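Asker: My questions all concern the structure below.
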Amino acid sequence: ATAGDKKITLTWSAVENAAQYRVQRLVGSTWTTVATPTATSCTNGGLTNGETYSYRVLALVDGKWNGASAVVKATPKASVIPQNVKATAGNKQVKVTWSAVENATQYRVQRLFGTTWKTVASPTATSCTNGGLTNGETYSYRVLALVDGKWNGASAVVKATPKA
């Protein structure tokens with residue numbers, strides 16, 4: 001079980017001759033089926049971050065549901081890596097925007113200089129404009145978030161080419 005932001009992804013080994021699987025989540029004291037995939041993975045979304053969830057998987061072999069797997073637990077948590085990062089080119093500038101990271105107190109917007117990432121802005125908002133650029137040159141950016149006093153992993157890299 002791998003936790004994500006408001007979701008948990010479950011994967012398991014294939015059972016020989018299984019036609020289908022039944023993924024169950026413990027709700028109170030009752031096992032409730034949340035998915036019936038034919039593949040050996042599924043994602044259970046719409047969950048509450050910070051709450052621990054328990055799962056088990058059953059296999060349908062020769063028309064019969066077999067015993068349940070061992071129980072696994074996971075706790076979804078908000079992503080600490082900025083998502084939906086976009087770079088929009090203007091005249092001699094690039095505006096970088098991203099979605100807010102839960103509990104982030106500051107961000108670092110970094111630009112690639114050769115092979116080195118350097119911070120060009122440290123905003124508390126979810127956008128910044130990097131000016132003084134050369135039109136026609138392509139610039140690469142990434143964003144980091146400060147959550148609970150710790151700088152977390154960088155976002156996906158985005159590129160933009162300013163133009164007049």
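The values are calculated or read from the model by the stated rules, or taken from the named source; none is laboratory data. Since the model is a prediction, treat every value here as computed from it, not as a measurement. As a convention, Cβ positions derive from the backbone with ideal geometry for all residues, glycine included, and neighbour counts pool all protein chains shown. For accessibility, only protein heavy atoms count, side chains too; no ligands or nucleic acids. Shrake-Rupley method; radii C 1.70, N 1.55, O 1.52, S 1.80 Å.
Asker: On the accessible surface of the chain, probed at 1.4 Å, how many percent belong to carbon and sulfur atoms?
Answerer: Heavy-atom surface of the chain belonging to carbon and sulfur, 1.4 Å probe: 46 percent.
Asker: So with the 1.4 Å probe, I'd like the accessible area per residue for region 25-118, rounded to whole Å².
Answerer: 58
Asker: Going by amide H atoms built from the backbone, whose H comes under 5 Å of the H on GLN106, apart from near neighbours?
Answerer: LEU146
Asker: Moving on. What fraction, in whole percent, of alpha-carbon pairs in region 69-132 exceed 20 Å separation?
Answerer: 40
Asker: Do you know the Lys pair count in the chain for C-alpha distances under 23 Å, with sequence separation 8 or more or different chains?
Answerer: Qualifying lysine pairs in the chain: 20.
Asker: Also, quick follow-up: Taking the Cβ of TRP117 as the center, what net charge do the other residues with Cβ under 11 Å away carry, scoring Lys and Arg +1 and Asp and Glu -1?
Answerer: Its environment carries a net charge of +4.
Asker: To two decimal places, what compactness ratio does the chain give when its Cα radius of gyration is scaled by 2.2 N^0.38 Å?
Answerer: Its radius of gyration relative to the 2.2 N^0.38 Å reference: 1.45.
Asker: Also: What is the mean projected area of the alpha carbon convex hull for region 124-164, to one decimal in square nanometres?
Answerer: So the mean shadow area of the Cα hull is 3.6 nm².
Asker: Then there is this: Using only Cα atoms, locate the centre of region 2-24 and the centre of region 68-127, then give the distance between them in Å, rounded to an integer.
Answerer: Cα centres, region 2-24 to region 68-127: 29 Å.
Asker: Kirkwood hydrodynamic radius (Cα pairs, Å) of region 1-80?
Answerer: Computed over region 1-80, the radius equals 12.9 Å.
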